[in-house]
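Below is one structure; the comments refer to it alone.
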Amino acid sequence: MGESNWAGNHAYAADEVLAPRTLDEVREAVAAATHVKALGSRHCFNDIADSPGGVLLDLSALESRVEIADGKVTVGGSARYGDFAAHVHAAGYALPNLASLPHITVAGSVATGTHGSGRRQPGLAAAVSAMQLVTADGSMREFTRADDVFPGLVVSLGALGVVTRLTLDLVPAFDVRQDVFDDLPWDAAFRHFDEIEDAGYSVSMFTNWVNDAVDQVWVKSRVDAFAERADWFGAVPADGPRHPAHAAGVPADNTTAQQGIPGPWHERLPHFALAFTPSVGDELQSEYFVPYEHAVAAIEAVRGIGDLVAPLLLVSEIRAIAGDELWLSPCHGGDRVALHFTWQPRQPEVEAVLPVLEQRLAPFGARPHWGKLFHGGGSYPRLADFRALADDLDPGGKFRNPFLRRHVFGG
C-alpha cells in the first residue's frame with residue numbers, strides 16, 4: 001500500500017486507505033469492511049492503528065464544524081488540537097490541558113490516553129464529555145457521561161468503533177508564561193520533587209539519565225498565579241531559548257516561546273509550535289507511567305541503567321499527570337508520573353533495551369503508553385469490563401487487529 005506512520009517505522013498492512021468526506025460515507029465504509037481502523041495524525045509508533053488485510057479510514061477530509069456553547073467545544077474526531085484552539089481562546093475559553101504537540105488529532109490522542117502534563121491536571125481524555133461513534137454495522141451511536149460505560153468508551157484504542165465527533169469541557173481562558181532552568185542537581189530533584197511539580201501549572205524535566213544534573217526544567221505557569229522564586233532548587237535560569245533535545249544539536253526554532261514571555265494557553269502549554277515539525281522529527285518514542293508515590297524510586301531505577309539507555313536517546317522527559325477513572329487510561333486510579341523516552345531511529349537496538357527498562361520499572365506498577373514502543377503491558381483493573389464492552393459493540397471483532405489481540409484480548 002505504501003503508507004506509513006508519522007515516524008516511518010511502521011508500514012501499514014491494510015489493503016487500502018479510504019478518505020470519506022461525509023458521515024454517511026464513513027458509515028457505509030465501516031459497514032462494508034471486514035476489518036477497519038481509523039487513522040488520525042499517524043503519530044503512533046506501533047501497529048495500534050493498523051488493519052492488516054482490511055481498510056484504514058483517513059478522516060481528515062470529513063466534513064466537520066467547531067461548535068462552542070455552554071462551556072464546551074464539539075469538534076470532529078480528526079480535528080487537530082492546534083487547528084481549533086485559537087477559536088476556543090477567541091470565545092473566551094481554554095482546554096485545561098494540551099499535549100506537547102498540538103499536531104495530534106483529538107480522537108487519536110484520547111483513544112490512546114495521551115496526556116499533557118501538570119500534577120493537578122488530568123490527561124486529555126478526561127475533558128471528553130460526549131462522543132459520536134460509528135459501530136461495526138455502520139450504526140451511529142451517541143454517548144455521554146450519563147452512560148455507565150462512558151469511562152470505557154473514551155480511551156478505547158480504536159477497538160469499539162470510529163469516533164467521528166467529540167465534546168470537550170472547557171475552562172475560562174488564561175495566559176501562561178514559560179520559564180526554563182538549566183542544571184537542576186539530581187539530589188535537589190529528589191528531595192524537592194513535590195515542590196518542583198507544584199511550582200507551575202505544568203512542569204517537565206529533561207534528562208539523558210547519565211548527567212550529574214537534570215539538563216532542563218520547563219515550568220509553565222498561569223500568569224495570574226505566577227510567583228517568582230529567588231532560588232530554583234539550585235538550577236539556573238536559561239540564558240536563551242532551549243529545545244528539549246538541545247544536547248543532540250537540535251535548535252530551539254520549533255519550540256513555543258520561553259523566557260517568561262506571557263501568551264495564551266494554546267501557545268505555551270505545548271512544547272512545540274503548530275507551524276513547525278514537532279519534536280525532532282526523525283525519532284522513536286516510548287513512555288511509562290508509574291504511580292506518583294513511586295516517582296523518585298522509579299527515576300532512580302532508570303538512572304541505574306543510564307549507561308544502557310543514554311546512547312540510544314535523543315532526550316527523556318519526566319512529568320506528572322493527575323489521575324482519572326477511564327478504564328484503559330494509563331492514569332486510571334491515581335496520579336502518575338510519566339517517564340518519556342525520545343529515541344534515535346534505531347529500532348532494533350531500542351527494542352532490545354525495552355525489556356530491561358520495563359523490568360526495572362515493573363516493581364512500581366508501570367503502564368506503557370498505548371501508542372508508543374513497548375514490550376509488555378500493564379495492569380488495568382477494568383480490563384474485563386472493557387472486553388465485555390467490546391464484545392457488545394463489536395461482536396465480530398471488526399475493529400480488532402494484531403496489536404489489540406496481543407495486548408488487550410489475549411492471543
Point to revise | Single unsatisfied condition, ARG65 versus (1) touching a residue at least 40 places away in the same chain (Cβ under 8 Å); (2) under 21 Å from ALA19 (Cβ atoms); (3) not polar (S, T, N, Q) | key: (1)
Point to revise | Some residue of the stretch 189-209 being among the aliphatic types (A, V, I, L, M), at pLDDT 95 or above and in contact with a Pro (Cβ under 8 Å, 6 or more places away or on another chain) | key: no
Check your understanding: Scanning for something farther than 27 Å from ALA127 by Cβ and surrounded by fewer than 15 Cβ atoms within 10 Å (Cβ to Cβ), does the stretch 50-72 turn up at least one residue?
Key -> yes
Study note, to complete from the structure: Listed by range, helices (runs of 4 or more DSSP H) wholly within the stretch 49-165 having at least 1 residues that are closer than 18 Å to VAL36 by Cα and at pLDDT 95 or above are 106-111, 150-153
Check your understanding: In the stretch 137-168, what count of residues is obtained for those that are touching a helix residue (DSSP H, G or I) at 6+ places or on another chain (Cβ under 7 Å) and either surrounded by fewer than 21 Cβ atoms within 10 Å (Cβ to Cβ) or at positive phi (or both)?
Key -> 9
Revision key, fill the gap. Counting only residues that are part of a strand (DSSP E or B), surrounded by fewer than 23 Cβ atoms within 10 Å (Cβ to Cβ) and not acidic (Asp, Glu), the stretch 169-180 contains a total of 3
Check your understanding: Limited to the stretch 2-24, what total is found for residues that are assigned to a loop (DSSP other than H, G, I, E, B) and either at negative phi or in contact with a Lys or Arg (Cβ under 7 Å, 6 or more places away or on another chain) (or both)?
Key -> 14
Exercise for review: State whether the residues of the stretch 38-45 include one that is in contact with an Asp or Glu (Cβ under 7 Å, 6 or more places away or on another chain) and outside any loop (DSSP other than H, G, I, E, B).
Suggested key: yes
Exercise for review: Could you tell me which of the residues HIS266, HIS243 is free of Cβ contacts under 8 Å to residues at least 24 places away in the same chain and surrounded by 15 or more Cβ atoms within 10 Å (Cβ to Cβ)?
Suggested key: HIS243
Point to revise | The one condition in (1) surrounded by fewer than 17 Cβ atoms within 10 Å (Cβ to Cβ); (2) over 22 Å from the mean Cα position of the chain (by Cα) that ARG120 fails to fulfil | key: (2)
Point to revise | Hits in the stretch 187-208 (condition: aromatic (Phe, Trp, Tyr) and surrounded by fewer than 22 Cβ atoms within 10 Å (Cβ to Cβ)) | key: PHE190, PHE193
**Study point:** Which listed residue, of ASN97, ASN46, ASN5, ASN9, is closer than 29 Å to LEU284 by Cβ and assigned by TED's automatic domain parsing to the domain that holds GLY161
**Key:** ASN97
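The values are calculated or read from the model by the stated rules, or taken from the named source; none is laboratory data. The structure presented is a predicted model; accordingly, all values stated were derived computationally and were not measured. Virtual Cβ from ideal backbone geometry, glycine too; neighbours counted across all protein chains shown.
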